[in-house]
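Here the structure is laid out as structure tokens; the discussion comes afterwards.
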Amino acid sequence: MAEKHIEQPVAVKFVAPIEEAQHAASGEKSMSLIQAIKLYPKAVGWSVVLSSALIMEGYDLALLGSLYGSPQFNMKYGRQNPKTGKWSVPANWQSALSNGARAGEVIGLLGSGFVSERYGYRKTMITSLIAMIAFIFILFFAPNIKILVVGEVFCGIPWGIFQTITTQYASEVAPVVLRPYLTTFVNMCWVMGQFIAAGVNRGCVQRPDQWAYRIPFAIQWIWPVPIMIGVFLAPESPWWHVRKGNREGARAALLRLTSPEKHPDFNPDEVIAMIEHTNELEKNISEGTSYLDCFRGTDLRRTEIVCCTWIAQTICGTNIMGYFAYFMQKAGLPTVQSFNMSMISLALGLVGTAGSWWLMAHFGRRTIHFSGACVLFVILIIVGSISFAGTQAGYWATGGMLILFVFIYDFTIGPVTYSIVSEMSSTRLKSKTIVLARALYNTSNIVVNVLTNYQLGEANWNWGAKTAFFWAGTCGCVVVWVFFRLPEPRGRTYGELDMLFEQRVRKIKCNGLQPCPSCRSAELPCNFTVTQRRGGNRGARATILNELRGCVIQGGNTNPSSPVESIPTSQGHPTSSYHMIEGNTIERSLSLSSAGTLETGAIDMCITAYLERIYPVVPFLTADILRTEALHSSASLLSRQFIVSFCAYVVTFGKVLDEVSLFSSHTSASDLGTQLLNTALRIQVPERVSTPTRQSVFISFFLYGSYAGLGNYRQGWFYLREATTLFMMQKSGEDGEGWYSRDVYRSHAIRKNRPITLQVTSSSPSLIDAPSRGLQYLASLFRPFDEVFFAVWNGSRQECSKEWLLGLERDVRTALPVPLSVSSEQISNLRVSQLWLQIKLWELFPRFGFLSSESVYECLTFRYPITVARDLSVLAIKLPIGSLQIHGVGMTEKIFDIACALADVLPFVSTATSQLELGPVDFLTSTTSLLAKLPDGEAKFVPLLLAKVNELLPELVKGLCEAVQIQVPPLLEGPMSPDSRFVYEEEVGRGLYADLRRGR
């Protein structure tokens, strides 16, 4: 069974998690900071452990500059000036020491991408820490300046590795809300290292022996061992496991990073699905993970953003922060006191980094970076201007401004850079993008260090504080670049950022007050947090309802354009200002009265269309109920939402309004349905779900039907669950809409591989309670599909007996009487649903290896789909085509699934027949012809079916195109685009064919 689990169908591995991914992404984005900390406390701890490795880098780089002022260090590694008698390290060797570590970091950065992707973050970190312990020996026992330079180069290699891995790990293990805090903690670790270095040097600088410089070097041995133990115990990143195709490893790592018991709604499988979906999406957008891919397609701009953001740290004037003690000594402060002041400035840097966490919780990354760069530009101009004074007071003023500079930098640009870098690169290219950016950062640092030494060196250019003017110019370039090139990633998941970059959206900041054009162009929900209402149900039911309420305006293109407004009417009841809609208003399509309600004539047209065309299919509303709700819609918000959602449902239901003069010449049925759906969502009635009534079930079902009619099944799924939940909460089972929604709920869960959370229990209404014979028949079809079946279907249960499956198949095959005394519309729905369920059950037989060409049971043979397709062909001949078309895209999808199963078995069976009998190919032809006549059939499902046939039996494609009278679709003429491949995998998949090959 383990082998079967590894080779799951593509439809399960890739397609099914798409809705789970959307759900996980929505839940992650709506998570508060406190909720995230409670759910991910271990992720926070492990990220802090790995990030603390950067304390060593900040410590050593700051220590080296301080040691140049140590008399004992200069006597050991420097030269004596014959004229003054003072010892000092020559300028060229100072540059070699400072830049040697940077050169080593570049080497480590370049190797980090390859090594970490192959062996994982943990193994790479542990190896680097072991190497760090060894390399510190070189620094500690260096007999001369040359060996000391070698030691710095070697130490720089693991430091370079730490720079990339810590940021990557922090960004991958944390949810959206925690990501900025954990990634910016990297900057705090760097500042902490500088602060510790200043303190250690302050304590050792007055020692008269060799320990004045050996102790500072030896202190570096303190960190590697405890960090190594922490890294050994830490879990690997789930994203790395997914990139390696190890779903179980990713799930185990995720559980070690979280505390699921603190958040009952947390579903690790949905989070893994989101990671898998994002990974597959990025593979489609940019194939491969080589360094060249960082400069191809949409990743070119992402690489530019990451590189320029990091370079901005070096060219915004930060290099002169290290010369704070230099200016203080110029002001007449003693050497020891100047070091004390340096510690004060670094302490303020720590405070600034901590304060940046608050800043990022309230403002976007782009806003913080841009504002910080502007303030730093002004400070540099002031420092340069003060230099003209040439007085001791001027040096004190310069020192004060530099303290402010340190605080502002660590409050804005310093920490936010790590957040931007971790979010802007794609997850598949993250390590390589960060490696390139950090290597460029270190290279620029080498250039900046050399420039600064010449600018401030008294024997060279000797610019003094006027150096600030030069860096003000480079800082101004940073301001301009940020304004025109840096987008806003705040609150976006990695998947959404991928889509926005793919759509080449320049600005991705959403104001939440209207449908954001950028979000809409990328087909993403507006990034706007809506205040959730409290109260209502408790327990498991409340969990589901709260989840659904949180998704009311997320997903698809149906975000309300403005907040809900309540306007008092003459009757004293509040009425929503739902009639105000962006673009074409409802007045242009459905006439509105002055009171803001739908005109009676428009409502009557929808009621008439429902009773004549929809009622035979969905028979649970009477004219009296509809007219009563319409009568109360002017005074009751609940009735108004009922009527508007009902009209949206009718407008989007197939083509029932084609013959009704309801639309203006400028409004399509889809546009009108979208407008009505937006309006219904805008009418928020909290008690609809907190105190559910039969109206609540109707409204939820109408919202689902509207979304389904518009093709947005992902969002419709939530309202379908809501309708089913509300129905299960009712004490009576007499509501037809509840029965219908529960069966549709199971149908949707089967096709989309969704788990069901609402089970049939002993207290559930029985079949005899169904209000009509058609609903009784439909309920009997879906009754056998319980939680055990869905556990097997979705792969969470890996064991299944042949006898159990045979019993399920028999129950479905015999669930309906041969003569059905219902309308032709209901017959088409019942019979096609029965055939479709037979196919879905049959798909489990090859998955578990139960098929046999010699079995006495037809469902255990390869020819079973041929029999089902034959019955479908006969059914299509006997029933009017309108009875099939009335069911909309749902009917098309079921027939499409049957056709795909038939195509899958054709390579394994004999298709030869005489001229006087029909065979498998004939049934495939008739099924394809039927598909072309159904909603979305010719435009979407027939090309997808032909693409599948082209992969299995390409010689049949021409005959099928001639039968349907269409040209060969462009989909078959070359490689599929990423969008086409996405749709193909979602609707078609490859799982059944793979199972059939194994079973053969």
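Is it the case that the range 374-385 has a residue that's at positive phi and not aromatic (F, W, Y)?
Of the residues in the range 374-385, the ones at positive phi are none.
Checking the range 374-385: not a single residue is at positive phi and not aromatic (F, W, Y).
May I ask you to list the residues in the range 66-105 that are at pLDDT 80 or above, open to solvent by 30 Å² or more (accessible area, probe 1.4 Å) and under 54 Å from the mean Cα position of the chain (by Cα)?
W93, A96, A103 - these are the residues of the range 66-105 that are at pLDDT 80 or above, open to solvent by 30 Å² or more (accessible area, probe 1.4 Å) and under 54 Å from the mean Cα position of the chain (by Cα).
Looking only at the range 775-797, decide whether some residue is outside the structural domain of E917 (by the TED database), within 30 Å of S929 (Cα to Cα), touching a Gly at 6+ places or on another chain (Cβ under 9 Å) and crowded, with 20+ Cβ neighbours inside 10 Å.
The answer is yes; a qualifying residue exists.
Got a sec? Which of L837, L902, L879, L841 is in contact with a Leu (Cβ under 6 Å, 6 or more places away or on another chain) and under 25 Å from A708 (Cα atoms)? Talk me through it step by step, then tell me what you get.
Values: L837 fails: in contact with a Leu (Cβ under 6 Å, 6 or more places away or on another chain); L902 fails: under 25 Å from A708 (Cα atoms); L879 fails: in contact with a Leu (Cβ under 6 Å, 6 or more places away or on another chain).
Selected residue: L841, the only one of L837, L902, L879, L841 that is in contact with a Leu (Cβ under 6 Å, 6 or more places away or on another chain) and under 25 Å from A708 (Cα atoms).
Quick one: which of T452, T433, T467, T443 is within 19 Å of R485 (Cα to Cα) and either open to solvent by less than 10 Å² (accessible area, probe 1.4 Å) or assigned to a helix (DSSP H, G or I) (or both)? Before you say what the answer is, go through the steps one by one.
Values: T452 fails: within 19 Å of R485 (Cα to Cα); T467 fails: within 19 Å of R485 (Cα to Cα); T443 fails: within 19 Å of R485 (Cα to Cα).
After ruling out the rest, the residue left standing is T433.
Would you check which residues across the range 38-65 are small (G, A, S) and either in contact with a helix residue (DSSP H, G or I) (Cβ under 8 Å, 6 or more places away or on another chain) or open to solvent by less than 10 Å² (accessible area, probe 1.4 Å) (or both) and list them?
Just the residues of the range 38-65 that are small (G, A, S), to begin with: 43, 45, 47, 51-53, 58, 62, 65.
Matches in the range 38-65: A43, S47, S51, S52, A53, G58, A62, G65.
Looking at S873, S929 in this structure, which one is part of a helix (DSSP H, G or I) and over 24 Å from L841 (Cα atoms)?
S929
For the range 809-833, give me each residue that is open to solvent by less than 10 Å² (accessible area, probe 1.4 Å), under 12 Å from S780 (Cα atoms) and of a type in the set (S, T, N, Q).
Narrowing the range 809-833 to residues open to solvent by less than 10 Å² (accessible area, probe 1.4 Å): 809, 812, 828, 830, 832-833.
Those still in the list that are under 12 Å from S780 (Cα atoms) too: 812, 830, 833.
Hit for the range 809-833 is S833, nothing else.
Do we have A393 as in a helix (DSSP H, G or I) and in contact with a helix residue (DSSP H, G or I) (Cβ under 6 Å, 6 or more places away or on another chain) here? Quick ask: steps written out before the conclusion?
Numbers: in a helix (DSSP H, G or I): yes; in contact with a helix residue (DSSP H, G or I) (Cβ under 6 Å, 6 or more places away or on another chain): no.
Spelling it out, it is not the case that A393 is in a helix (DSSP H, G or I) and in contact with a helix residue (DSSP H, G or I) (Cβ under 6 Å, 6 or more places away or on another chain).
Just give me the residues in the range 234-246 being free of Cβ contacts under 8 Å to residues at least 40 places away in the same chain and of a type outside the set (G, A, S), in sequence order. So that I can check it myself, show each step before the final result.
Initial filter on the range 234-246 (free of Cβ contacts under 8 Å to residues at least 40 places away in the same chain): 241-242, 244-246.
Result: H241, V242, K244, N246.
Need the failing condition index for S855 against (1) under 22 Å from N794 (Cβ atoms); (2) not in a helix (DSSP H, G or I), just the number.
Failed condition: (1).
Provide a single number: the residues in the range 841-869 that are basic (K, R) and surrounded by fewer than 20 Cβ atoms within 10 Å (Cβ to Cβ).
Residues of the range 841-869 that are basic (K, R), as a first pass: 847, 863.
From what is left, the residues that are surrounded by fewer than 20 Cβ atoms within 10 Å (Cβ to Cβ) are 863.
Total meeting the criteria: 1.
Take E28 and tell me if it is part of a helix (DSSP H, G or I), modelled with pLDDT of 85 or more, over 25 Å from M343 (Cβ atoms) and of a type in the set (D, E).
On the way: part of a helix (DSSP H, G or I): yes; modelled with pLDDT of 85 or more: no; over 25 Å from M343 (Cβ atoms): yes; of a type in the set (D, E): yes.
No, not satisfied.
Consider only pairs whose beta carbons are under 8 Å apart and that are at least six residues apart or on different chains; among these, list those whose first residue lies in the range 85-106 and is over 17 Å from Q72 (Cα atoms) and touching a residue at least 40 places away in the same chain (Cβ under 8 Å) and whose second residue is buried (at least 17 other Cβ atoms within 10 Å of the Cβ) and of a type in the set (F, W, Y).
Cβ pairs passing all conditions: A101/W159; G104/F154; G104/W159; E105/W159.
Which members of the range 200-226 meet the condition of being open to solvent by less than 10 Å² (accessible area, probe 1.4 Å) and under 14 Å from A53 (Cα atoms)?
Listed by number, the residues that qualify are Q220, P224.
Residues A947, A912, A939: which one is farther than 20 Å from K840 by Cα and open to solvent by less than 10 Å² (accessible area, probe 1.4 Å)? Explain how you work it out, then say what you get.
Working: A912 fails: open to solvent by less than 10 Å² (accessible area, probe 1.4 Å); A939 fails: open to solvent by less than 10 Å² (accessible area, probe 1.4 Å).
None of the other options fit; the residue is A947.
Can you tell me which residues in the range 248-264 are in contact (Cβ under 8 Å) with a residue 40 or more places away in the chain and either in a helix (DSSP H, G or I) or open to solvent by 70 Å² or more (accessible area, probe 1.4 Å) (or both)?
First pass over the range 248-264, keeping only residues in contact (Cβ under 8 Å) with a residue 40 or more places away in the chain: 256-260, 262-264.
Residues satisfying the conditions are R256, L257, P260, K262, P264.
This table checks each residue for (1) touching a Gly at 6+ places or on another chain (Cβ under 8 Å); (2) polar (S, T, N, Q); (3) open to solvent by 20 Å² or more (accessible area, probe 1.4 Å); (4) over 23 Å from L820 (Cβ atoms).
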| residue | (1), (2), (3), (4) |
| --- | --- |
| I877 | no, no, yes, no |
| S883 | no, yes, no, no |
| P920 | no, no, no, yes |
| T927 | no, yes, no, no |
| E955 | no, no, yes, yes |
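Would you list the helices (runs of 4 or more DSSP H) that sit entirely within the range 627-697 and hold 2 or more residues that are at pLDDT below 85 and open to solvent by 10 Å² or more (accessible area, probe 1.4 Å)?
Details: elements: 637-651, 669-682, 687-690.
In the range 627-697, 669-682, 687-690 are the helices (runs of 4 or more DSSP H) which contain 2 or more residues that are at pLDDT below 85 and open to solvent by 10 Å² or more (accessible area, probe 1.4 Å).
Residue check, S426 against (1) outside any helix (DSSP H, G or I); (2) in contact with a Ser or Thr (Cβ under 6 Å, 6 or more places away or on another chain); (3) among the polar types (S, T, N, Q), all met but one. Which one?
Only one criterion is unmet by S426, namely (2).
Checking the structure you have, find out if any residue of the range 855-878 is farther than 24 Å from I750 by Cα and at pLDDT below 85. Quick ask: steps written out before the conclusion?
Quick first cut of the range 855-878, residues farther than 24 Å from I750 by Cα only: 855-856, 874, 877-878.
So of that shortlist, the ones also at pLDDT below 85 come out as 855-856.
Looking through the range 855-878, at least one residue is farther than 24 Å from I750 by Cα and at pLDDT below 85.
Would you be able to say whether some residue in the range 316-338 is at pLDDT 65 or above, over 28 Å from R366 (Cβ atoms) and β-branched (V, I, T)?
yes
Select from the range 116-134 the residues that are under 26 Å from the mean Cα position of the chain (by Cα) and either within 25 Å of I219 (Cα to Cα) or aliphatic (A, V, I, L, M) (or both) and list them in ascending order. Steps first, answer last, please.
Within the range 116-134, the first condition is being under 26 Å from the mean Cα position of the chain (by Cα), and the residues that meet it are 116-122.
R122, the sole residue that qualifies.
The values are calculated or read from the model by the stated rules, or taken from the named source; none is laboratory data. Because the structure is predicted, anything quoted here is derived from the model rather than measured. Positions of Cβ are backbone-derived with ideal geometry, glycine not excepted, and every protein chain shown enters the neighbour counts. In case anyone asks, the SASA skips ligands and DNA or RNA and just uses the protein heavy atoms, side chains included. Shrake-Rupley method; radii C 1.70, N 1.55, O 1.52, S 1.80 Å.
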